[in-house]
Amino acid sequence: MHIRQLEAFRAVMTSGGVSRAAELLHVSQPAVSQLIYQLESFYDLELFQRVGNRLKPTREAQALLVEVEAMFAGVKRVARVAASLREQHWGALSIASFPIIARNLLPRIVARYCRDRADVQFHLQSMRSRSLIDAVATQQMEIGLSFIPSDREETESEHLMALRAVCILPADHPLASKQTIHASDLANQPFISLGPHDQSRVLIDKIFDDRQIPRRLRIETGQSDAACAIVAEGLGVSVVDPISASENLGMGIVVRAFEPQVLFDIWLIRSRSASKSSLSDSFVAFLKEELALAAFHQLRG
């Protein structure tokens, strides 16, 4: 049996005759008749009764048509999936990111990517950098966005961008009149600090410790969004990433440049051994463009 024989059979059944089937298939009528004969011989079935110059489908032909239609529908589905895969419009992707990006920036980027890709599924997970590196290494997650490069052999790391830390103060704070806050300006100020396991906390603490600038560590919180909310209540000042700060503008805080410069690096973590799909490559390219745009706006700000 050849697929062309089934095409001829289907064309005759749906069009009502050999002549119309030949037109649909762009072949001669004898060619259609020959294909039907070959199909009947292959299955040893009488599919049509010859009534004059016309073919009358048998009950066997009616039953076979149901399966043939299902087969051609399956072929069409395969073609649609193949086209969607080629155009990165179909598939699933799992991404783990550290909380700063997972809460706000990454969902917006994913939403923009999915806008014209209704059949793409995403699984987004917020994880600390060490946990997400392990998840990518064990192929529980396909892509990771980390504050630190991976030290595991199963993964590869690519530097994407750096976020420059900013100082946030209550809107009525005396230092709010300054455009740039130096670490020394915060000497003896009540300070809202991030958790001890936060990579950004390590970088910020180092600035003050290296310069022996004392702070009054008043409140410690695991989330930079929470730090912004506490600063808005007037309980202290803080140094956080620019994404969290920008998300909380207009909520009772002011954002100022901070010196000396503190940079939070963002690393792309992927598995070395897992097969990379065209979908993941497409999204990574889109992600890089979006992060570069975010960095540009940060510099302008």
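The values are calculated or read from the model by the stated rules, or taken from the named source; none is laboratory data. Everything numeric in this text was worked out from a predicted model, so none of it was measured. Don't worry about glycine lacking a Cβ; one is built from the backbone with ideal geometry, like all the others, and counts go over all protein chains shown. Side chains included, ligands, DNA and RNA excluded: accessible areas come from the protein's heavy atoms. Shrake-Rupley method; radii C 1.70, N 1.55, O 1.52, S 1.80 Å.
Can you check how the C-alpha radius of gyration of the chain compares to 2.2 N^0.38 Å, as a plain ratio? Don't jump to the answer; show the numbers that get you there.
On the way: Rg = 32.0 Å, N = 301, 2.2 N^0.38 = 19.2 Å.
Against the compact-globule rule of thumb, the ratio is 1.66.
Mind jotting down a quarter of the surface of the convex hull over the alpha carbons of the stretch 222-262, in square nanometres, one decimal? List each step's numbers first, then the result.
Values: hull surface 11.5 nm².
Approximately 2.9 nm², given one-decimal rounding.
Find me the longest stretch of the chain that has none of the exposed trypsin sites (Lys or Arg not before Pro), where exposed means in a DSSP loop (not H, G, I, E or B) with at most 13 other Cβ atoms within 10 Å. Could you put the intermediate results ahead of the total?
Working: sites that count: R115, R211, R272, K276.
That gives 1-114 as the longest site-free run.
May I ask what percent, to the nearest 5, of DSSP beta bridges between residues of the chain are antiparallel? Show your work: numbers first, answer last.
Numbers: 25 of 45 bridges.
So the antiparallel bridges in the chain amount to around 55 percent.
How large a share of the accessible area of the chain, in percent, is made up of carbon and sulfur atoms when the probe is 1.4 Å and the other protein chains stay in place?
Working: 8190 of 15960 Å².
That fraction is 51 percent.
How much FRET efficiency would the formula 1/(1 + (r/R0)^6) give for A31 and C114, where r is the Cβ-Cβ distance and R0 is 45 Å, rounded to 0.05? Don't skip to the end; give the middle numbers.
Details: r = 47 Å, r/R0 = 1.04.
Calculated value: 0.45.
Using only alpha-carbon positions, what ratio does the radius of gyration of the stretch 88-220 give when scaled by 2.2 N^0.38 Å? Spell out each step's value before the answer.
Working: Rg = 18.9 Å, N = 133, 2.2 N^0.38 = 14.1 Å.
Taking N as the residue count of the stretch 88-220, the ratio is 1.34.
Modelling each spin label as a point 7 Å along the Cα-to-Cβ direction, I'd like the S184/Q62 distance in nm, to one decimal.
Once both label points are built, they end up 9.6 nm from each other.
Quick one: length gained pulling H159 to A285 fully straight, 0.36 nm per residue minus the C-alpha distance?
Details: separation 126, 0.36 × 126 = 45.36 nm, distance 1.33 nm.
Stretched out fully, the H159 to A285 stretch lengthens by 44.0 nm.
Could you work out the relative contact order of the stretch 3-81, using alpha carbon pairs under 8 angstrom and six or more residues apart, expressed as a whole percent? Provide the component values of the computation, followed by the final result.
Numbers: 62 pairs, mean separation 19.7, N = 79.
Worked out over the stretch 3-81, it gives 25 percent.
Check the straight Cα-Cα distances from K76 and name the aspartates and glutamates below 14 Å, setting aside those fewer than 8 residues away within the same chain.
In chain and number order, the partners are E7.
R0 = 25 Å: FRET efficiency of N104 with L263, Cβ-based, nearest 0.05? Don't skip to the end; give the middle numbers.
Numbers: r = 20 Å, r/R0 = 0.78.
So the FRET efficiency works out to roughly 0.80.
For K56, list the aspartates and glutamates whose Cα falls under 15 Å from its own Cα; do not include residues on the same chain fewer than 8 positions away.
E40, E46
Between R50 and R77, what is the FRET efficiency for a Förster distance of 30 Å, r being their Cβ-Cβ separation, to the nearest 0.05? Please list the in-between numbers first.
Details: r = 35 Å, r/R0 = 1.18.
Efficiency for this residue pair is about 0.25.
At q = 0.25 Å⁻¹, what is the base-10 log of I(q)/I(0) for the stretch 87-128 according to the Debye formula with one equal point scatterer per Cα and no solvent? Please give it to two decimals.
-0.84
May I ask you to work out the translational diffusion coefficient for the stretch 3-81 at 37 °C, viscosity 0.692 mPa s, via Stokes-Einstein with Rh from the Kirkwood sum over Cα pairs, reported in whole µm²/s? It would help to have the intermediate numbers written out before the result.
Numbers: Rh = 12.8 Å.
Using the Kirkwood radius from Cα pairs, D works out to 256 µm²/s.
Work through the residues other than L217 whose Cβ is under 11 Å from its Cβ and net out their charges, Lys, Arg +1 and Asp, Glu -1.
Details: positive: R201, R215, R216, R218; negative: D205, E220.
Summing Lys and Arg as +1 and Asp and Glu as -1 gives +2.
Provide the per residue accessible area, probe 1.4 Å, for the stretch 174-216, rounded to a whole number of square angstrom.
For the stretch 174-216, the solvent-accessible area averages 55 Å² per residue.
Using only Cα atoms, find the angle between the long axis of helix 199-210 and the longest principal axis of the chain, and express it within 0 to 90 degrees, rounded to the nearest 10.
Once rounded, one gets 20 degrees.
Which is the longest part of the chain that has none of the GluC sites (Glu not before Pro) sitting in a DSSP loop with at most 14 other Cβ atoms within 10 Å?
Values: sites that count: E46, E87, E153, E233.
For GluC sites (Glu not before Pro) (loop position, at most 14 other Cβ atoms within 10 Å), the longest site-free span of the chain is 154-232.
At 7 Å along Cα-to-Cβ for each site, give me the label-to-label distance between S126 and R218 in nm.
The modelled label-to-label distance comes out at 2.4 nm.
Summing -39500 (n - 2.57) over the DSSP H runs of n ≥ 4 in the chain and dividing by its residue number, what mean residue ellipticity at 222 nm do you reach, to the nearest 500 deg cm²/dmol?
Details: 10 runs with 132 residues, N = 301.
Calculated mean residue ellipticity at 222 nm is -14000 deg cm²/dmol.
Sorted from largest to smallest, which semi-axis lengths in Å does the alpha carbon gyration tensor of the stretch 166-261 give for its equivalent ellipsoid, taking the root of 5 times each eigenvalue? Spell out each step's value before the answer.
Values: eigenvalues 62, 47, 29 Å².
Semi-axes from the Cα gyration tensor: 18, 15, 12 Å.
Once you have the Cα-Cα distance between F42 and Q140, take 0.36 nm times their residue separation minus that, and quote the gain in nm to one decimal. It would help to have the intermediate numbers written out before the result.
On the way: separation 98, 0.36 × 98 = 35.28 nm, distance 4.90 nm.
Extra length from F42 to Q140 when fully extended: 30.4 nm.
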